[in-house]
């Protein structure tokens, strides 16, 4: 037992308290700072690894319980802030200036709701206070401007000493760059691989992203040029694989997952979208339109986390069409709650990857 109430005794009693994601001591991780003693009042700063920490309240509670065990403590005040860790750099790949973590949201096939997941996860992370960007890498089918309410936005191109740079559009707390800003609405993009590679690199390095905790890249379906360009251009914090419970979607998702693993990109986990249908007039019922349990089974077989399951609701589609993501339009809906939980899980997994 400690006889003197001082900053050293506070740090020592907090040393056994661990970050649940990292499973390391908060003190050893330098997450406890600015310890102050004023009589029996103890205050300190808890620096989390992400504003979207899913276990924030539990960590604070554990800290308070630990400090209150010290003799003479009458009050504990915890000021919570966050510093998102920087993804480790690689010798052959330079990061994007100001961007701490680059994440790919990908799928083996189209039509599984990958863009819906990417847009809503980006907005959900921004709602926690994180600085978030969204790069629409689906050059042939850029839908993110519509889904983020920016279909009529005009991207600004500025000339600088280093050449032309793009200023991303902004809505719902998220910065967005997309091919949809550079072409007419009905204009097809008829390009071969090298041109696609060039524009993705431009979106990475010639955009004024500023300071970002997370840059989410909404990938086109499959395992083609866009995926190779991204994984070979920048160090990545991880990839999220989106699928439905349907067998054909799961088969393709496995290929996409293995591709990222072969490129030495950490797979953060699998998201099962359209897990079941909730009728709007019978919210207590659900129907497994695309089957059930496929995501959890695949995640177990491939030894990656299942980040969450998202129900199929009409309001999710309506929100995407109207440019108001479901996490904004109807935050209490089953889909929004699932997407928010997935965003927190992704943030937690990114912190683990960055700090291990």
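Numbers for the structure displayed
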{"quantity": "Residue among 110, 133 that alone is touching a residue at least 24 places away in the same chain (Cβ under 8 Å), in the same structural domain as residue 170 (by TED's automatic domain parsing), assigned to a strand (DSSP E or B) and surrounded by 14 or more Cβ atoms within 10 Å (Cβ to Cβ)", "calculated": "133"}
{"quantity": "Residue list for the stretch 305-338, filter: surrounded by fewer than 20 Cβ atoms within 10 Å (Cβ to Cβ) and either in a loop (DSSP other than H, G, I, E, B) or not assigned by TED's automatic domain parsing to the domain that holds residue 122 (or both)", "calculated": "305, 311, 323, 324, 330, 331, 332, 333"}
{"quantity": "Qualifying residue in the stretch 29-50 (condition: touching a residue at least 40 places away in the same chain (Cβ under 8 Å), surrounded by 18 or more Cβ atoms within 10 Å (Cβ to Cβ) and closer than 16 Å to residue 80 by Cα)", "calculated": "yes"}
{"quantity": "Failed item in (1) more than 30 Å from residue 83 (Cβ to Cβ); (2) modelled with pLDDT under 95, with residue 350 passing the rest", "calculated": "(1)"}
{"quantity": "Hey, residue 44 outside the structural domain of residue 344 (by TED's automatic domain parsing), at pLDDT below 95 and at negative phi or not", "calculated": "no"}
{"quantity": "Any hit, the stretch 168-188, residues being surrounded by fewer than 19 Cβ atoms within 10 Å (Cβ to Cβ), at pLDDT 90 or above and closer than 19 Å to residue 94 by Cα", "calculated": "no"}
{"quantity": "Odd one out for residue 128, checked against (1) outside the structural domain of residue 200 (by TED's automatic domain parsing); (2) closer than 26 Å to residue 241 by Cα; (3) surrounded by fewer than 21 Cβ atoms within 10 Å (Cβ to Cβ)", "calculated": "(1)"}
{"quantity": "Residue under evaluation residue 240, criteria (1) in contact with a helix residue (DSSP H, G or I) (Cβ under 9 Å, 6 or more places away or on another chain); (2) assigned to a loop (DSSP other than H, G, I, E, B), criterion not met", "calculated": "(2)"}
{"quantity": "Boolean, residue 347 is surrounded by 20 or more Cβ atoms within 10 Å (Cβ to Cβ), assigned to a helix (DSSP H, G or I) and either touching a strand residue (DSSP E or B) at 6+ places or on another chain (Cβ under 9 Å) or touching a residue at least 24 places away in the same chain (Cβ under 8 Å) (or both)", "calculated": "yes"}
{"quantity": "Residue in the stretch 191-200 that is part of a strand (DSSP E or B) and either surrounded by 17 or more Cβ atoms within 10 Å (Cβ to Cβ) or touching a residue at least 60 places away in the same chain (Cβ under 8 Å) (or both) present", "calculated": "no"}
{"quantity": "Selected residue [surrounded by 14 or more Cβ atoms within 10 Å (Cβ to Cβ) and either farther than 15 Å from residue 211 by Cα or over 23 Å from the mean Cα position of the chain (by Cα) (or both)] from 156, 99, 80", "calculated": "80"}
{"quantity": "Enumeration of residues in the stretch 265-292 that are part of a loop (DSSP other than H, G, I, E, B), touching a strand residue (DSSP E or B) at 6+ places or on another chain (Cβ under 9 Å) and touching a residue at least 24 places away in the same chain (Cβ under 8 Å)", "calculated": "265, 266, 273, 274, 275, 276, 278, 286, 288, 290"}
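The values are calculated or read from the model by the stated rules, or taken from the named source; none is laboratory data. Owing to the predicted nature of the structure, the values given are computational and were not obtained by experimental measurement. In this analysis, Cβ positions are derived from the backbone assuming ideal geometry, glycine residues included, and neighbour counts consider all displayed protein chains.
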